[in-house]
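Only one structure is covered here, and it is reproduced in the block below.
The values are calculated or read from the model by the stated rules, or taken from the named source; none is laboratory data. Being a predicted model, the structure only gives us computed values, none of them experimental. Neighbour counts run over all protein chains shown; Cβ positions are idealised from the backbone, glycine included. With ligands, DNA and RNA removed, areas are computed over all heavy atoms of the protein, side chains included. Shrake-Rupley method; radii C 1.70, N 1.55, O 1.52, S 1.80 Å.
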Amino acid sequence: MEGSFSESIRLANRLRELTDEQLVILERVDEACQELLLPEFEHYIAHQYNPETHRVLKKYNLMGLTVSPKYGGVGADSLTWALALERYGQLGLGVVTFVDVHCLLASLAIQQWGSDYLKERYLTRAAKGEVVLAYGLTEPEAGSEPTSLKTSYEEEDGGYVLNGTKYLISNGSVADSLIIFAYPKGKKEEMSAFLVDSKSEGFSVAMHLEEKIGLFTSDTAMLELSNCKVPKENVLGQLGKGLHVAYSALLNGRIGIGSGCVGIIEDCLNSVTERVKSRVQHGKLIGKHQLVQRHLANIAMNLEMARWPTYFAAVEKTRLDANPADLELRNRVDLQSAIAKRVASRLAYESADSAVQVFGGFGYSLLSPVARHLCDARVARIYEGTDEIMELKIASLILGKGFEAYS
Ligand SMILES: Cc1cc2nc3c(=O)[nH]c(=O)nc-3n(C[C@H](O)[C@H](O)[C@H](O)COP(=O)(O)OP(=O)(O)OC[C@H]3O[C@@H](n4cnc5c(N)ncnc54)[C@H](O)[C@@H]3O)c2cc1C
């Protein structure tokens, strides 16, 4: 097993002991990562979506990482899936994004909110890796403020018809099924969540976002719903209660992104440690220059500052899973998840920047792992809630009702 990953598992065990079953899952994650390392690098350099992520995760039976064995999944608890995302983060945020969207945002939402029919039809197939899932909340004019979205639905012939545009959707053009959020036509309340098949009449991929500044191995697409027909039974959760689905999914997703960022910092630390012990300038290893040591010390400190709030949020989430009706606990976990994401994403970006500095000119090339992390980590401060939105959320959860500075 990769050295810093086994150290992470040892440290996480201090917060909550992982069972033998959970440890076996993490060994499989590590094996899958070893197989994915080269294809992920090759696709990144070619600026291409990496379809190997799906193939390899399916091969190692990891597409159902977060799904209960009752629905054919692996049954990783929150701390275990957080550690898995940390290991994926060492490879890069492209792998993290694929897993975060399929396993956390979408699969967990179906598991939490779906009817028996939806679980049978979608979750079991998603867990086997037969279908890929995506999560479509953002629109061209609704990002930080999802309540301003324009996608609409209306009842027709015993089902629903959806119209609108979804923007910046990860896995958007490779997904077989997507969770799509929409308002009743002509209304700005009672948002609902729907499971939409990409093969449905009226669903199309309008554009691939190719000109990103990183995250090349992840698919990002704009989607068009034009009189897109959705069967009645594909409403996820209660009709009119889609915001609950959206926000509970993001609570999970943010722990996942925070964990992926811990993995980025780990990989930066490993890469820098190796580099400073082999590169000689001014007659000695650069690791013996004190100003270079400062960079390494900063990355090591960042790792610990990112690790613990993330593990803590994951452990608290396992408590919430056991007590889903405890609203006070839910608010606390929401707060911890926002803190984990805000702290870890910022520190991942700063660590990658320091690592690039230590690598010098080679660090400015995408052939170096640290440059790829620098390009990728930037997006972790934007998607699933920007730095600013996380800060507002943290403040309002501490201050309580009446202090929400955003909707
Ligand atoms: C690569 C990528 C993948 C993505 N994947 C998905 C996905 O799978 N599904 C999905 O639904 N979305 C996805 N997104 C969208 C992402 O969640 C949004 O980009 C993000 O929520 C920010 O929205 P925005 O881009 O519209 O920025 P805006 O909301 O326009 O924000 C612009 C700036 O204004 C600030 N701001 C906005 N409101 C406030 C406020 N009240 N107070 C202070 N500052 C504020 C923001 O923090 C930001 O700095 C993805 C985005 C990217 C880049």
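Size estimate for region 175-305 follows the Kirkwood approach: the inverse of mean 1/r over distinct Cα pairs works out to 19.1 Å.
For residue 137, what charge total do you get from the other residues with a beta carbon under 15 Å from its beta carbon, if Lys and Arg give +1 and Asp and Glu give -1? Charge balance in the 15 Å sphere: -1. Accessible surface for region 1-102, divided over its residues, is 38 Å² per residue with a 1.4 Å probe.
Provide Rg over Rh for region 61-216; use the alpha carbon set for both Rg and the Kirkwood Rh (inverse mean inverse pair distance).
Reported Rg/Rh, Kirkwood definition of Rh: 0.97.
Note on region 58-187: with charges restricted to the Cβ of Lys and Arg (+1) and Asp and Glu (-1), its dipole about the Cα centre is near 420 debye. Once the Cα atoms are used to define both axes, helix 20-45 deviates from the longest principal axis of the chain by about 80 degrees. Apolar share of the accessible surface for the chain: 53 percent from carbon plus sulfur atoms, 1.4 Å probe.
Taken over region 5-157, lysine pairs spaced eight or more positions apart, or on distinct chains, with alpha carbons under 15 Å apart number 5. Sorting the segments 284-294, 268-278 by their mean number of nearby beta carbons within 10 angstrom, highest to lowest, gives 268-278, 284-294. Computed from backbone phi, the HN-Hα couplings of region 168-175 come to 6, 9, 5, 6, x, 9, 9, 6 Hz, rounded to whole numbers (Karplus: 6.51 cos²θ - 1.76 cosθ + 1.60, θ = phi - 60°; Gly and Pro given as x).
If both residues of a DSSP beta bridge must be in the chain, then about 85% of such bridges are antiparallel.
Largest GNM mean-square fluctuation among 376, 334, 197, using the chain with Cα springs under 10 Å: 197. Looking at the chain, I'd like the Rg to Rh ratio, where Rg is from alpha-carbon atoms and Rh is Kirkwood's inverse mean 1/r. Over the Cα atoms of the chain, Rg/Rh equals 0.97. Applying D = kT/(6 pi eta Rh) to region 229-282, where Rh is the Kirkwood radius over alpha-carbon pairs, T corresponds to 4 °C and eta to 1.567 mPa s, the Stokes-Einstein value obtained is 85 µm²/s. Taking only the C-alpha atoms of region 50-148, Rg followed by Dmax gives 13.8, 40 Å. The residue among 240, 64, 278 whose Cα reaches farthest toward the positive pole of the charge dipole of the chain, with charges on the beta-carbon of Lys, Arg, Asp and Glu, is 278.
Note on the chain: GNM, Cα springs under 10 Å; of 88, 60, 122, the largest mean-square fluctuation is that of 60. Here the Kirkwood formula, the inverse mean of 1/r across different C-alpha pairs, assigns region 278-332 a hydrodynamic radius of 14.4 Å.
Dipole of the chain, Cα-centred, from +1 at each Lys and Arg C-beta and -1 at each Asp and Glu C-beta, to the nearest 20 debye?
Around 880 debye, computed over the chain.
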